[in-house]
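Below: one structure, written as structure tokens.
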Amino acid sequence: MKSSVLWGLVGLNAVLLFAFIEQFARPSSADAQMRRPSDYLLIPGTVAVGSIPEVVYVVDTTTGKLGCVAYDDSSHLVTTMPPINLNTIFSAAQPAGAPTPGYR
């Protein structure tokens with residue numbers, strides 16, 4: 001009985017020692033450098049074409065994408081538009097060689 005309790009305590013101490021040493025063995029990472037979640041801008045609007053006149057435009061300010069969400073009250077469905085990358089649209093609209101506003 002005493003021998004099995006002794007070996008159990010030895011095994012428990014070995015596991016605890018391994019867990020303690022393993023904390024210092026792996027490199028620590030800075031959690032502050034992780035990518036933050038996106039910020040969303042929701043804009044209510046109306047559409048003149050189609051059966052759903054009211055929509056909500058969703059702008060993801062981190063990735064620069066625009067989407068649209070609408071609720072169809074008659075069929076009780078939420079319809080979505082595939083996202084559009086605004087960065088490619090705005091970069092194509094800027095003339096070549098023109099200074100970027102806000103940057104010097």
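Annotations for the structure displayed:
- 13 Å beta-carbon shell around ILE52, net charge (K/R +1, D/E -1): -3
- Were the residues from SER38 through LEU77 laid out at 0.36 nm apart, the gain over their Cα-Cα distance would be 11.5 nm.
- On full extension, the segment bounded by ILE21 and ALA93 gains 20.2 nm, given 0.36 nm per residue less the C-alpha separation.
- Calculated translational diffusion coefficient of the range 6-89 (4 °C, 1.567 mPa s; Stokes-Einstein with Kirkwood radius over alpha-carbon pairs) equals 73 µm²/s.
- With 0.36 nm allotted per residue and the present C-alpha distance subtracted, the ILE52-SER4 stretch has 9.8 nm of extension available.
Values in this text are rule-based calculations from the coordinates and carry no lab data. Note that the structure is predicted; figures quoted are calculated from it, not measured. Methodologically, a virtual Cβ is constructed for each residue, glycine included, from the backbone with ideal geometry; neighbour enumeration extends over all protein chains shown.
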